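Computed from the coordinates by the stated procedures, all read-outs in this text should not be read as laboratory data. Here the structure is a predicted model, which is why all the values come from computation and not from measurement. So basically every Cβ, Gly included, is an ideal-geometry build from the backbone, and we count neighbours across all protein chains shown.
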Amino acid sequence: MAMLPIRTFGDPVLRERCAEVEAVDEDIERLVNDLIDTIPKPGGAGLSANQIGILKRVFIYENEGEMEACINPRLVSASEEMVEEMEGCLSLPGAIVPVARHAALELSFIDLRGEPRRLLAEGWLARVFQHELDHLDGVLILDRTDRDSRVEALQILQGGLHPAEEL
């Protein structure tokens, strides 16, 4: 497969909504393998197809040391409890902002065998799923943070502030 460049802030593909996958075929299997080859190890909790320039509703995530694929993921339900934590993104290098996410959720998706699945997730995994779902909808962490954090992150992304200067 192929290690591909991760699209970064300013690339319009990151702001586009990804299309549903119509069939789990060789192209989708190749896409998943490209995502697996591309995600930084260690360091990447998840990676969405549009982060490598492919507008398909597919993401991968790390699950106990193995990379798993979610195809056409949908949020079934989410807890009312929200948890705010600092969050970064491979497409926004150097920017880390506070983001409130649901503490727990249920996700439905299709796996690589074409089988429908449902997962209950809480904590870190729930955060990863929400982050990747946002990517598939063209939403970035900059859209989910407060104004001051967004301004500071934009300065970092545009080269006007270095992350070390934040401290």
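All other residues with a Cβ under 11 Å from the Cβ of Gly138 taken together, and with Lys, Arg as +1 and Asp, Glu as -1, what is their net charge? Each step should come with its number before you reach the end.
Numbers: positive: Arg15, Arg17; negative: Glu16, Asp134, Asp137, Asp143.
Result for the neighbourhood of Gly138: -2.
Among residues other than Arg17 whose Cβ falls under 14 Å from its Cβ, what is the net charge (Lys/Arg +1, Asp/Glu -1)?
Working: positive: Arg15, Lys56, Arg57, Arg74; negative: Glu16, Glu20, Glu132, Asp134, Asp137, Asp143.
Spelling it out: positives minus negatives among the neighbours equals -2.
Hey, got the dipole for the chain? About the Cα centre, +1 on K and R Cβ, -1 on D and E Cβ, debye to the nearest 20? It would help to have the intermediate numbers written out before the result.
Details: 16 positive and 32 negative charges, 59 e Å.
Once rounded to the nearest 20, the dipole reads 280 debye.
Of all trypsin sites (Lys or Arg not before Pro) in region 70-167, which ones are in loop regions per DSSP and have a Cβ with at most 16 other Cβ atoms within 10 Å? Let's see the in-between values first.
Values: sites: Arg74, Arg101, Arg113, Arg117, Arg118, Arg127, Arg144, Arg147, Arg150; in loops: Arg113.
For trypsin sites (Lys or Arg not before Pro) across region 70-167 that sit outside H, G, I, E and B with at most 16 neighbouring Cβ atoms in 10 Å, the list reads Arg113.
Given the options Pro40, Pro5, Ala100, identify the residue whose Cα lies farthest towards the positive end of the charge dipole of the chain (+1 on Cβ of Lys, Arg; -1 on Cβ of Asp, Glu).
With unit charges placed on the Cβ atoms, the residue in question is Pro5.
Give me Glu16, Glu87, Glu66 ranked fewest to most by other Cβ atoms within 10 Å of their Cβ, as a rough exposure proxy. Write out the running numbers ahead of the final one.
Values: Glu16 13, Glu87 21, Glu66 8.
Ranking Glu16, Glu87, Glu66 by Cβ neighbours within 10 Å, fewest first, gives Glu66, Glu16, Glu87.
When the scattering of region 51-143 is computed by the Debye formula from its Cα atoms alone, each counted once and equally, what is log10 I(q)/I(0) at q = 0.15, 0.25 Å⁻¹?
The Debye formula, applied to the Cα set alone, gives -0.58, -1.51.
With a Cα-only, solvent-free Debye model of the chain, what are the log10 I(q)/I(0) values at q = 0.10, 0.13, 0.21 Å⁻¹?
Results for the chain at q = 0.10, 0.13, 0.21 Å⁻¹ read -0.36, -0.61, -1.51.
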